[in-house]
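Throughout, read-outs are computed from the coordinates displayed, never taken from laboratory work. Fair warning: this is a prediction, and the values are worked out from it, not measured in the lab. All Cβ positions, glycine included, derive from the backbone under ideal geometry; neighbour counts span all protein chains shown.
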Amino acid sequence: MRHRRLRLQLIGALAAVLALAFSGAAAGSSGGAGMGRTAPHKRAQGGARKARSDPFAGRGMWIWELPLSGGGNLGSIIATSHRYGISTLMIKSGDGTSVWSQFNSGIVSALHASGLRVCAWQYVYGRSPAAEAQVAAAAVSRGADCLLIDAESQYEGRYVQAQTYITQLRRLIGGGFPVALAGFPWIDFHPAFPYSVFLGPGGAQYNVPQMYWFDIGTSVDNVYSHTYKFNRLYRREIDPLGQLSGNPPPRQIRRFRQLSLAYGAPGVSWWDWQEASARGWSAISQAIGWPSGFTPYSGLATLRRGAHGDFVVWAQEHLISAGYKIRVDGAFGAQTRSAVARFQASHGLQASGVIGSLTWQALLRYPAAHVRWTKSGARTARFSLTMPVPRSAHLPAKRYEIPRSLGAGRPPR
């Protein structure tokens, strides 16, 4: 613990020095005078302006510990970013209720002056969600272009806490500020995780699943098909997060990029700067073509009686908006099956009681009902619901496809 505190103190001290050194350059010229103006630099500036409405478009790189990324030298970080076509840096700004001083207005201003977008990311735990929201809002006040919520195993089952975090966050930063969830990619592995809160009404507008195929032990093709099969249900823009950590083969990194094009992803980001090898940097910037003979998976997850999990919660919330009075409990039982069959019959679909791609397409035309989760409660009105947390919130994870707590506290050694 003493070692961790010392490490964070060093991070804060170095960040403060860097901010002081570069804040003058940032304030002196919006073009970044003194830092060099190359053609890639100009392209990055143009890309930042073009994608201002979508800060996750383009190529992004995650920074966990600033002193371990480019030696903590902003000049080196800026030059490397332009060299490899990085348009957005995702810099850690907080861990739970702790603010990380490496994310400050001086550094953000210097990076902005060089033509880079800067997003803040925070690892959250759910123990003090309102205070965690305050930490996130502090990063926004320091000039962040967007915010990424790294919520993982600690938030499983915590619907009330997730709701508190999102509600307080939006109260502090506004409903339009760009927010993304960066969570587990395989939704069916985590039936208790409140995706429907983080990606639901008033939540994150973007979805940045951690698609670490090399850690998961699967192929690039499979990490895409499995991730998109479930994540598409939440109707948020998907911007895949790939990995350079672990030194995956360059051909797999290039394949990941190719499939991002095939799946129509506006942006791709990479975890993470301090663990990236030279061959990894090269692989994210080499010219690639369209994947020859490849057809992306276009289906949606099939749900039937006996299914449990947040994707069932999501379906039930849409059924309520479609006019069916059912309980939102994350369990696909007889009541839900009956509602699905009646919905299908009324929409010219086969009344099988099974939610497949065609039924999802019809169901997702309705907005999700906004459920207010409580530790105990009862349904109140048709479109304003108060309910106890769903039964599925008590289910264990089927498996942790990526290392748990990756990005929390200190990196593993």
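What is the extension gain from PHE294 to SER98, computed as 0.36 nm multiplied by their sequence separation minus the C-alpha to C-alpha distance, in nm to one decimal?
66.1 nm
Can you tally the net charge around ALA265? Count Lys and Arg as +1, Asp and Glu as -1, for every other residue whose Cβ sits under 9 Å from the Cβ of ALA265.
Value of the local net charge: -2.
Within 10 Å of each residue's Cβ, count the other Cβ atoms and sort TRP186, TRP62 from fewest upward.
Going from least to most buried by this count: TRP186, TRP62.
If each residue's Cβ is checked for other Cβ atoms within 10 Å, how do HIS82, HIS347 rank with the fewest at the top?
Lowest count first: HIS347, HIS82.
Here are some pairs, LYS325/LYS375; LYS229/LYS375; LYS229/LYS398; which of them have Cα atoms lying more than 26 Å apart in this structure?
Going by Cα-Cα distance, LYS229/LYS375 fall outside the 26 Å limit.
Run the paramagnetic zone check for ALA408: 7 angstrom along Cα to Cβ, then residues of the stretch 146-179 with backbone nitrogen under 14 Å.
Hits in the stretch 146-179 for ALA408 at 14 Å: 150-158.
Around SER292, with a cut-off of 15 angstrom between Cβ atoms, what is the net charge of the other residues, counting Lys and Arg +1 and Asp and Glu -1?
Net charge around SER292: +3.
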